[in-house]
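The values are calculated or read from the model by the stated rules, or taken from the named source; none is laboratory data. Predicted model, so just to flag it, every value in this text is computed and none were measured. With ideal geometry, Cβ positions are generated from the backbone for all residues, glycine too; neighbour counts draw on all protein chains shown. Surface areas here come from the heavy atoms of the whole protein model, side chains and all, with no ligands, DNA or RNA. Shrake-Rupley method; radii C 1.70, N 1.55, O 1.52, S 1.80 Å.
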There are 2 protein chains.
Amino acid sequence: MRLTFLGTGGVWAAPVHGCTCPACMAARRDPARARGPASALLEVAGLRLLIDAGHADLTTRFPPGTLDGVLLTHFHADHVLGLMLMRWSMAPKLPVWCPQDPKGFDDLLKHPGRLRFQTCAAGAAFSVGPITITPVALIHSRPTLGWVIDHADLRLAWLCDTRGLPDQTAAILAAQRPDFVALDCAYPNGTTGARNHNDLDEASALLARIEPQDSRLLHLNHELDAALMATPTHLPVAWDGEDVVIAAPSAENGRESAS
Amino acid sequence: MRLTFLGTGGVWAAPVHGCTCPACMAARRDPARARGPASALLEVAGLRLLIDAGHADLTTRFPPGTLDGVLLTHFHADHVLGLMLMRWSMAPKLPVWCPQDPKGFDDLLKHPGRLRFQTCAAGAAFSVGPITITPVALIHSRPTLGWVIDHADLRLAWLCDTRGLPDQTAAILAAQRPDFVALDCAYPNGTTGARNHNDLDEASALLARIEPQDSRLLHLNHELDAALMATPTHLPVAWDGEDVVIAAPSAENGRESAS
């Protein structure tokens, strides 16, 4: 399995238009520190699946035949915007697995064009070729699904957007111990007010419970990036363009790659 | 007045994902033949106004202080998409003049962030600094306004998206004889079925009635571009990135620029 992060932020990721915080200033100086909408390309068993679709330029990034489907966590703008143009493709239909959310995004479900939306329910696993995909419930301001993807002996879990996890989701993941978890972590500790994303302590506690072999935090906002510039975390943070190869640990060496 | 076309197409503009028509093939070979969403930057009297906002990268194109407002014709995705991120700016509020359309675009009117939407009515002129802006009614599948912009002795009319014009709009424009008209023309002649955009004959007839000093067709779809590759038109067609300086005709030389 190869996971390439196309974006690791959200609408409040550095640089925010007009913001002069240290993270936003750094992201303007160094594009490698800028974050696009949280999204990744998963390549496994010869298939290419896009996880979330917030990049507006999907039609140029992915010529016909280069994508086998889209796993859509939810219908917020920064996760779905790119489908507004992709739907008018003249290429063969593209499956989009998504949660049950009749509101969708603007007129996307009313005019799906070449997109074939397929509603998924938490716990109802399905197959795409040799891959098994299990939707899991998350906790967000809209109906939102995480995706657990199994192939051969490898298991990846994409858990974003969410604040905390439903106990059942956390219990399943703790029992399964995925090889890799990509986890929502938008805020620094101490962020008050209504939140629909994890802060650093919440993300840390979830990872301690699930105990994946490897992980990345994503959907960081500029305040968290600024906080991490002052006080780094021991947890691995994803960056745009980062490429993670997920391989089985060897029997002897724990996390060391088998290939 | 300087008008820079940021985009001259719509969602069906060349290249369409997966299309192999001559226009789409040409646009892939030569990016100068590709068309982004119909939009322009108008610079006049020291002000910079964006006409429509379908480009997703507005926050990078327009750093704080480089835009004085947005003239939004209507709330279709290819005209409004860029505001979904721009709303979360931390720069001073940005005025967005728009038609009365409570549905808006997804949750944009519910969560306008830093955008200050100001509903306009056809015929109700308003001032932005020394400029006078008069909204005019168009004919489209959503409430849609054209914009007539006056400064000193210069007059520009932006008439997109529309199929035909309400008789009152056409009569006003024919009486006013704008120096420049940017006009919707999406389809080749003979395009049947329900349409919300002009074909070439319809656009030609409107220009013959209004008799502007100069004009450009825009919002061309790939079928029209393909038709024009076979049979060119005498009407000027806009291209992305094109820069038009609108100046008063000299008394003696008709359309010749005064400066």
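Does B:Met25 count as within 9 Å of another protein chain (Cβ to nearest Cβ), outside any strand (DSSP E or B) and open to solvent by 30 Å² or more (accessible area, probe 1.4 Å)? The answer is no for B:Met25.
The set of residues from the range A:68-84 being at the interface with another protein chain (Cβ under 9 Å from one of its Cβ atoms) and touching a Pro at 6+ places or on another chain (Cβ under 7 Å) comprises just one member, A:Asp78. The set of residues from the range B:85-103 being open to solvent by less than 30 Å² (accessible area, probe 1.4 Å) and more than 9 Å from chain A (Cβ to nearest Cβ) comprises B:Leu94, B:Pro95, B:Val96, B:Trp97, B:Cys98, B:Pro99, B:Asp101. Please verify whether the range A:14-21 includes one or more residues that are under 21 Å from B:Trp88 (Cβ atoms), in contact with a Phe, Trp or Tyr (Cβ under 9 Å, 6 or more places away or on another chain), buried (at least 23 other Cβ atoms within 10 Å of the Cβ) and at the interface with chain B (Cβ under 9 Å from one of its Cβ atoms). Yes - at least one qualifying residue is present in the range A:14-21.
Figure legend. Inter-residue proximity from the range B:47-69: first residues part of a loop (DSSP other than H, G, I, E, B), second residues open to solvent by 40 Å² or more (accessible area, probe 1.4 Å), beta-carbon distance below 6 Å, spacing 6+ or different chains. Indicated pairs: B:Leu67/B:Arg48; B:Asp68/B:Arg48. Here A:Val128 does not fit the description of being over 14 Å from B:His17 (Cβ atoms), among the hydrophobic types (A, V, I, L, M, F, W, C), at pLDDT 95 or above and touching a Lys or Arg at 6+ places or on another chain (Cβ under 9 Å). None of A:Gly129, A:Gly65, A:Gly46 is over 18 Å from the mean Cα position of the chain (by Cα), over 23 Å from B:His79 (Cα atoms), within 14 Å of chain B (Cβ to nearest Cβ) and open to solvent by 40 Å² or more (accessible area, probe 1.4 Å) except A:Gly65. Tell me yes or no: at least one residue of the range B:210-224 is more than 22 Å from B:Pro37 (Cβ to Cβ), open to solvent by less than 50 Å² (accessible area, probe 1.4 Å) and either part of a loop (DSSP other than H, G, I, E, B) or touching a helix residue (DSSP H, G or I) at 6+ places or on another chain (Cβ under 6 Å) (or both). Scanning the range B:210-224 turns up at least one residue that is more than 22 Å from B:Pro37 (Cβ to Cβ), open to solvent by less than 50 Å² (accessible area, probe 1.4 Å) and either part of a loop (DSSP other than H, G, I, E, B) or touching a helix residue (DSSP H, G or I) at 6+ places or on another chain (Cβ under 6 Å) (or both).
If you go through the range A:138-152 and keep only what is among the small types (Gly, Ala, Ser) and surrounded by fewer than 20 Cβ atoms within 10 Å (Cβ to Cβ), you end up with A:Ser141, A:Ala152.
Identify all residues within the range B:190-204 that are assigned to a helix (DSSP H, G or I) and open to solvent by 60 Å² or more (accessible area, probe 1.4 Å); write none if there are none. It would help to see each step written out before you state the result.
Initially, the range B:190-204 is screened for residues assigned to a helix (DSSP H, G or I), giving B:200-204.
If the condition is that a residue be assigned to a helix (DSSP H, G or I) and open to solvent by 60 Å² or more (accessible area, probe 1.4 Å), then B:Asp201 is the only one that fits.
With respect to A:Ala53, determine if the residue is modelled with pLDDT of 95 or more, of a type in the set (A, V, I, L, M, F, W, C), open to solvent by 30 Å² or more (accessible area, probe 1.4 Å) and in contact with a strand residue (DSSP E or B) (Cβ under 7 Å, 6 or more places away or on another chain). So A:Ala53 does not fit the description; no.
Could you tell me whether B:Val11 is modelled with pLDDT under 95 and within 9 Å of chain A (Cβ to nearest Cβ)? Reasoning before the result, please.
Numbers: modelled with pLDDT under 95: yes; within 9 Å of chain A (Cβ to nearest Cβ): yes.
Yes, satisfied.
If you scan the range A:34-43, which residues turn out to be within 28 Å of A:Ala247 (Cβ to Cβ) and open to solvent by 10 Å² or more (accessible area, probe 1.4 Å)?
At the first step, the residues of the range A:34-43 found to be within 28 Å of A:Ala247 (Cβ to Cβ) are A:35-43.
Listed by number, the residues that qualify are A:Arg35, A:Gly36, A:Pro37, A:Leu41, A:Glu43.
For the range B:155-168, which positions are more than 18 Å from B:His79 (Cα to Cα) and either among the basic types (Lys, Arg) or surrounded by fewer than 24 Cβ atoms within 10 Å (Cβ to Cβ) (or both)? Listed by number, the residues that qualify are B:Arg155, B:Gly164, B:Pro166, B:Asp167, B:Gln168. When A:Cys185 is tested against (1) open to solvent by 60 Å² or more (accessible area, probe 1.4 Å); (2) within 30 Å of A:Thr231 (Cα to Cα), just one condition goes unmet, and that condition is (1). Name the pairs: first residue in the range A:84-102 and of a type in the set (Asp, Glu), second residue not in a strand (DSSP E or B), Cβ to Cβ under 9 Å, at least 6 apart or on different chains? The qualifying pairs are A:Asp101/A:His74; A:Asp101/A:Phe75; A:Asp101/A:Leu109; A:Asp101/A:Arg142; A:Asp101/A:Pro143; A:Asp101/A:Thr144. If you go through the range B:111-126 and keep only what is within 12 Å of chain A (Cβ to nearest Cβ) and loosely packed, with under 15 Cβ neighbours inside 10 Å, you end up with just B:His111.
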